[in-house]
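S.K.: Structure provided below as structure tokens; questions to follow.
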Amino acid sequence: GVLRVAIPASSVSERLNRLEAGMMWVFLFTTFGTVLFGYLVTRPFLISIRRLASTAQSIGLGQYQRRIRTYPGTEFEPLVTAINDMAQNIEMHLRMVVDQKNRLEAVFDGMTEGVMVLDERGRIHSCNTAFITMLRCVNGCEGRSVIEVTMQPDLQQAVDDILASPIPKNAN
């Protein structure tokens, strides 16, 4: 004889449906938990990276006194050091340039001879106090042509000749 023991297909199908629904909930819960855990773990890094980028951008916009104080993890240390050193070097060079500019302006304005500096188009870029006094430039000389300021065609011709001549190369 044969003995056949079976459970109805509807019962098996019902159990499979419950198992599938349970697995779906486990999958959703695990996915949500993983995303939440990932967000909580990476959030401090993201905040620090945003601060680092903001400070670097501020330095790039001319706020050379800013420094990066905190950063996420040791892997960012070389980048932070490089940005802070760059800002310090730029600040130091800028101070040197401003100091040299101030010295040159003091010498330029202290001269008793009238001196004008021209741009590549022959317009007056700047002139010293003696030049302004000699020519009685009430509205300033900057941006104007030599003939407009001096009313001397010979001087304008000399400027035109200099501008037309080729620039000599340095013989090194």
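The values are calculated or read from the model by the stated rules, or taken from the named source; none is laboratory data. Only a predicted model underlies this, so the values are computations on that prediction, with no experimental measurement involved. Positions of Cβ are generated from backbone atoms using ideal geometry, with glycine treated the same way; all protein chains shown enter the neighbour counts. Accessible surface areas use protein heavy atoms only, side chains included; no ligands, DNA or RNA. Shrake-Rupley method; radii C 1.70, N 1.55, O 1.52, S 1.80 Å.
S.K.: Does Arg103 satisfy the criteria of being surrounded by 15 or more Cβ atoms within 10 Å (Cβ to Cβ) and at pLDDT 90 or above? Show your work before the answer.
M.R.: On the way: surrounded by 15 or more Cβ atoms within 10 Å (Cβ to Cβ): no; at pLDDT 90 or above: yes.
Judged against the criteria, Arg103 is not a match.
S.K.: What number goes with the only condition from (1) over 30 Å from Leu61 (Cβ atoms); (2) open to solvent by 60 Å² or more (accessible area, probe 1.4 Å) that Asn128 does not pass?
M.R.: (2)
S.K.: To continue, here is another question. Condition first: exposed (fewer than 10 other Cβ atoms within 10 Å of the Cβ) and closer than 17 Å to Val117 by Cβ. Now tell me which residues in the stretch 131-167 satisfy that.
M.R.: The one that is exposed (fewer than 10 other Cβ atoms within 10 Å of the Cβ) and closer than 17 Å to Val117 by Cβ: Ile167.
S.K.: In the set Arg4, Arg51, which member is modelled with pLDDT under 85, part of a helix (DSSP H, G or I) and open to solvent by 100 Å² or more (accessible area, probe 1.4 Å)? Steps first, answer last, please.
M.R.: Numbers: Arg4 fails: part of a helix (DSSP H, G or I).
Arg51 is the lone residue from the list that is modelled with pLDDT under 85, part of a helix (DSSP H, G or I) and open to solvent by 100 Å² or more (accessible area, probe 1.4 Å).
S.K.: Then there is this: Just the residues that are under 21 Å from Gln157 (Cα atoms) and either of a type in the set (Lys, Arg) or surrounded by 12 or more Cβ atoms within 10 Å (Cβ to Cβ) (or both), please, taken from the stretch 106-116.
M.R.: Within the stretch 106-116, Gly114, Val115, Met116 qualify.
S.K.: Now a separate question. Those residues that are within 30 Å of Pro44 (Cα to Cα), outside any helix (DSSP H, G or I) and hydrophobic (A, V, I, L, M, F, W, C), I need them from the stretch 72-111; list them, please.
M.R.: Once the filter is applied, which keeps residues that are within 30 Å of Pro44 (Cα to Cα), outside any helix (DSSP H, G or I) and hydrophobic (A, V, I, L, M, F, W, C), the stretch 72-111 yields nothing.
S.K.: While we're on this one: For Met116, state whether it is under 30 Å from Ala130 (Cα atoms) and touching a residue at least 12 places away in the same chain (Cβ under 8 Å).
M.R.: When the stated conditions are applied, Met116 passes them.
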